Amino acid sequence: MAIRLIVGLGNIGAEYEDTRHNAGFWLADAVARACGAHFRNEKGFFGAVAKVGVTYLLKPSTFMNRSGQAVAALAGFYKIAPEEILVAHDELDLPPGAIKMKQGGGHAGHNGLKDIQARLGSTDFWRIRIGVGHPRELGLAQEVVDFVLHRPSREHLQLIEECIGRAAQVMPEAIAGRLAVAVMKLHAKKKPA
(Lines give C-alpha, C1' and ligand atoms only; values in the text may rest on other atoms or scores of the structure.)
Protein backbone atom coordinates (compact mmCIF):
# COMPACT_ATOMS: atom_id res chain seq x y z
CA MET A 1 0.00 0.00 0.00
CA ALA A 2 1.54 3.30 -1.09
CA ILE A 3 1.32 6.52 0.91
CA ARG A 4 -0.95 8.96 -0.94
CA LEU A 5 -1.24 11.62 1.78
CA ILE A 6 1.50 12.94 4.07
CA VAL A 7 0.17 15.17 6.83
CA GLY A 8 2.41 17.40 8.92
CA LEU A 9 0.79 18.47 12.18
CA GLY A 10 1.32 21.89 13.71
CA ASN A 11 -0.30 25.21 14.54
CA ILE A 12 -0.54 28.10 12.12
CA GLY A 13 0.77 31.56 12.95
CA ALA A 14 4.18 33.15 13.41
CA GLU A 15 4.04 32.69 17.21
CA TYR A 16 3.95 28.88 16.77
CA GLU A 17 6.28 28.52 13.79
CA ASP A 18 9.41 27.54 15.74
CA THR A 19 7.73 25.58 18.54
CA ARG A 20 8.11 21.85 19.24
CA HIS A 21 4.44 21.24 18.41
CA ASN A 22 5.20 22.21 14.78
CA ALA A 23 7.67 19.39 14.15
CA GLY A 24 5.15 17.79 11.78
CA PHE A 25 4.97 21.01 9.72
CA TRP A 26 8.78 21.01 9.60
CA LEU A 27 8.78 17.51 8.09
CA ALA A 28 6.11 18.39 5.51
CA ASP A 29 8.17 21.44 4.52
CA ALA A 30 11.34 19.31 4.23
CA VAL A 31 9.59 16.80 1.95
CA ALA A 32 8.20 19.62 -0.22
CA ARG A 33 11.65 21.24 -0.50
CA ALA A 34 13.32 17.93 -1.39
CA CYS A 35 10.75 17.33 -4.15
CA GLY A 36 10.50 20.90 -5.45
CA ALA A 37 6.83 21.09 -4.43
CA HIS A 38 5.11 24.26 -3.22
CA PHE A 39 2.25 24.61 -0.75
CA ARG A 40 -0.80 26.68 -1.51
CA ASN A 41 -3.75 27.35 0.73
CA GLU A 42 -6.84 25.28 -0.10
CA LYS A 43 -9.88 26.49 1.85
CA GLY A 44 -11.91 23.41 0.89
CA PHE A 45 -9.27 21.21 2.55
CA PHE A 46 -8.72 23.51 5.57
CA GLY A 47 -4.97 23.74 5.01
CA ALA A 48 -1.97 24.20 2.77
CA VAL A 49 -1.61 21.50 0.11
CA ALA A 50 1.25 20.47 -2.18
CA LYS A 51 1.55 17.55 -4.57
CA VAL A 52 4.47 15.18 -5.17
CA GLY A 53 3.54 12.87 -8.04
CA VAL A 54 0.30 11.21 -6.93
CA THR A 55 0.91 11.97 -3.25
CA TYR A 56 -0.51 14.99 -1.45
CA LEU A 57 1.23 16.91 1.33
CA LEU A 58 -1.05 18.64 3.82
CA LYS A 59 -0.45 21.15 6.62
CA PRO A 60 -3.82 21.72 8.34
CA SER A 61 -4.69 25.33 9.14
CA THR A 62 -7.27 24.34 11.74
CA PHE A 63 -4.94 24.32 14.75
CA MET A 64 -3.81 21.06 16.27
CA ASN A 65 -6.98 19.91 18.04
CA ARG A 66 -9.02 20.06 14.81
CA SER A 67 -6.44 18.53 12.43
CA GLY A 68 -8.84 15.73 11.54
CA GLN A 69 -11.13 18.18 9.77
CA ALA A 70 -8.46 18.85 7.12
CA VAL A 71 -7.30 15.24 6.88
CA ALA A 72 -10.85 13.89 6.48
CA ALA A 73 -11.75 16.55 3.89
CA LEU A 74 -8.77 15.82 1.62
CA ALA A 75 -8.82 12.04 2.14
CA GLY A 76 -12.56 11.92 1.50
CA PHE A 77 -12.38 13.99 -1.67
CA TYR A 78 -9.54 11.95 -3.19
CA LYS A 79 -10.76 8.60 -1.76
CA ILE A 80 -7.60 7.98 0.24
CA ALA A 81 -7.86 5.13 2.74
CA PRO A 82 -6.47 5.51 6.29
CA GLU A 83 -3.76 2.94 5.43
CA GLU A 84 -2.54 5.33 2.69
CA ILE A 85 -2.09 8.26 5.10
CA LEU A 86 1.10 9.11 7.00
CA VAL A 87 0.89 11.69 9.82
CA ALA A 88 4.06 13.38 11.11
CA HIS A 89 3.87 14.79 14.63
CA ASP A 90 5.86 15.79 17.70
CA GLU A 91 6.30 12.99 20.23
CA LEU A 92 6.83 13.63 23.95
CA ASP A 93 7.69 9.99 24.67
CA LEU A 94 10.80 10.09 22.47
CA PRO A 95 13.87 12.20 23.26
CA PRO A 96 15.13 14.81 20.80
CA GLY A 97 17.12 12.92 18.18
CA ALA A 98 14.81 9.88 18.18
CA ILE A 99 12.27 9.17 15.46
CA LYS A 100 9.93 6.24 14.86
CA MET A 101 7.56 5.22 12.11
CA LYS A 102 4.67 2.83 12.62
CA GLN A 103 1.16 2.02 11.53
CA GLY A 104 -1.76 2.31 13.90
CA GLY A 105 -1.79 2.74 17.64
CA GLY A 106 -3.30 5.08 20.18
CA HIS A 107 -3.08 8.84 20.39
CA ALA A 108 -1.23 9.03 23.76
CA GLY A 109 -3.07 12.26 24.55
CA HIS A 110 -1.91 14.01 21.35
CA ASN A 111 -4.88 16.19 20.37
CA GLY A 112 -4.04 16.19 16.66
CA LEU A 113 -3.95 12.40 16.49
CA LYS A 114 -7.08 12.15 18.64
CA ASP A 115 -9.05 14.32 16.21
CA ILE A 116 -7.73 12.51 13.13
CA GLN A 117 -8.74 9.15 14.61
CA ALA A 118 -12.21 10.49 15.41
CA ARG A 119 -12.74 12.04 11.97
CA LEU A 120 -11.41 9.05 10.01
CA GLY A 121 -13.06 6.50 12.30
CA SER A 122 -9.82 4.54 12.15
CA THR A 123 -6.42 4.19 13.81
CA ASP A 124 -4.91 2.44 10.76
CA PHE A 125 -2.99 5.44 9.40
CA TRP A 126 0.80 5.56 9.55
CA ARG A 127 2.68 7.90 11.91
CA ILE A 128 6.13 9.40 12.04
CA ARG A 129 6.80 10.24 15.67
CA ILE A 130 9.40 13.02 15.92
CA GLY A 131 10.99 13.03 19.37
CA VAL A 132 10.90 16.38 21.17
CA GLY A 133 11.38 15.01 24.69
CA HIS A 134 9.23 15.39 27.77
CA PRO A 135 9.80 18.26 30.22
CA ARG A 136 9.98 15.83 33.15
CA GLU A 137 12.59 13.66 31.40
CA LEU A 138 14.59 16.77 30.49
CA GLY A 139 14.55 18.00 34.10
CA LEU A 140 12.25 20.95 33.37
CA ALA A 141 9.40 22.18 35.58
CA GLN A 142 7.26 23.26 32.59
CA GLU A 143 3.77 21.90 32.04
CA VAL A 144 3.49 19.79 28.88
CA VAL A 145 1.25 22.33 27.10
CA ASP A 146 3.75 25.12 27.79
CA PHE A 147 6.67 22.90 26.78
CA VAL A 148 5.35 21.95 23.32
CA LEU A 149 4.39 25.55 22.57
CA HIS A 150 7.97 26.78 23.12
CA ARG A 151 11.08 26.57 20.99
CA PRO A 152 13.52 23.75 21.63
CA SER A 153 17.05 24.59 22.71
CA ARG A 154 19.61 25.00 19.93
CA GLU A 155 21.05 21.55 20.72
CA HIS A 156 17.63 19.88 20.69
CA LEU A 157 16.61 21.72 17.51
CA GLN A 158 19.68 20.36 15.74
CA LEU A 159 18.79 16.81 16.82
CA ILE A 160 15.17 17.24 15.71
CA GLU A 161 16.25 18.68 12.35
CA GLU A 162 18.61 15.72 11.78
CA CYS A 163 15.69 13.34 12.36
CA ILE A 164 13.47 15.29 10.01
CA GLY A 165 16.18 15.13 7.35
CA ARG A 166 16.38 11.34 7.74
CA ALA A 167 12.59 11.05 7.55
CA ALA A 168 12.45 13.18 4.39
CA GLN A 169 15.01 10.86 2.80
CA VAL A 170 12.80 7.78 3.30
CA MET A 171 9.61 9.39 1.99
CA PRO A 172 10.24 8.22 -1.62
CA GLU A 173 10.18 4.63 -0.29
CA ALA A 174 6.90 5.28 1.56
CA ILE A 175 5.34 6.97 -1.47
CA ALA A 176 6.35 3.99 -3.62
CA GLY A 177 4.67 1.60 -1.19
CA ARG A 178 7.91 0.18 0.20
CA LEU A 179 6.91 0.96 3.78
CA ALA A 180 8.92 -1.85 5.39
CA VAL A 181 12.04 -0.51 3.67
CA ALA A 182 11.23 3.05 4.79
CA VAL A 183 10.79 1.91 8.40
CA MET A 184 14.01 -0.12 8.34
CA LYS A 185 16.05 2.79 6.91
CA LEU A 186 14.53 5.31 9.32
CA HIS A 187 15.11 3.11 12.37
CA ALA A 188 18.67 2.16 11.37
CA LYS A 189 21.21 3.39 13.91
CA LYS A 190 23.29 6.36 12.85
CA LYS A 191 26.91 5.50 12.28
CA PRO A 192 29.27 7.46 14.55
CA ALA A 193 31.22 10.20 12.82
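The values are calculated or read from the model by the stated rules, or taken from the named source; none is laboratory data. Quick caveat: nothing in here was measured; it's all calculated off a predicted structure. Quick reminder, even Gly has a Cβ in these numbers, built from the backbone with ideal geometry, and neighbours come from all protein chains shown. With ligands, DNA and RNA removed, areas are computed over all heavy atoms of the protein, side chains included. Shrake-Rupley method; radii C 1.70, N 1.55, O 1.52, S 1.80 Å.
Here are a few things to note about the model shown:
- As computed over the range 108-149, the Cα convex hull volume per residue (Å³): 79
- Stokes-Einstein diffusion coefficient of the range 49-158, Kirkwood radius over Cα pairs, 25 °C, 0.890 mPa s, in µm²/s: 164
- The simple spin-label model puts a point 7 Å past each Cα toward its Cβ; for Gln103 and Asp124 those points are separated by 0.9 nm.
- Just checking the listed ones, Gln158, Gln142, Gln117: in the Gaussian network model of the chain with Cα springs under 10 Å, the one fluctuating most is Gln142.
- Mean Kyte hydropathy of -0.5 or more with a Cα span along the axis of at least 20 Å, helices from DSSP in the chain: 154-175
- Loop GluC sites (Glu not before Pro), the range 1-73, which have at most 16 other Cβ atoms in a 10 Å radius of their Cβ (DSSP): Glu15, Glu17
- Accessible surface comparison of Leu149, Leu5, probe 1.4 Å, protein chains only, largest first: the order is Leu149, Leu5.
- Each Cα pair under 8 Å and six or more residues apart adds its separation to the average, and for the chain the resulting relative contact order is 27 percent.
- Candidates per GluC sites (Glu not before Pro) in the range 104-174, loop by DSSP, up to 11 other Cβ within 10 Å: Glu137, Glu143
- Nearest-20 debye value, the range 1-154 charge dipole, Cβ charges on Lys, Arg, Asp, Glu: 380
- Of all accessible heavy-atom area on the range 133-193, the percent that carbon and sulfur account for (1.4 Å): 56
- Sites His187 and Tyr78, calculated FRET efficiency, Cβ-Cβ separation with R0 22 Å, nearest 0.05: 0.15
- Distance between the range 18-97 and the range 105-184 - C-alpha centres, whole angstrom: 12
- Check: the range 115-193 dipole with +1 on Lys, Arg Cβ and -1 on Asp, Glu Cβ, in debye: 380
- When the trypsin sites (Lys or Arg not before Pro) in the range 1-106 are filtered for DSSP coil states and for at most 12 other beta-carbon atoms within 10 Å of their beta-carbon, the remaining sites are Lys79.
- Point-to-point label distance, Lys43-Glu15, nm (Cα→Cβ direction, 7 Å offset): 2.5
- The range 40-90 - percent of accessible surface contributed by carbon and sulfur, probe 1.4 Å: 56
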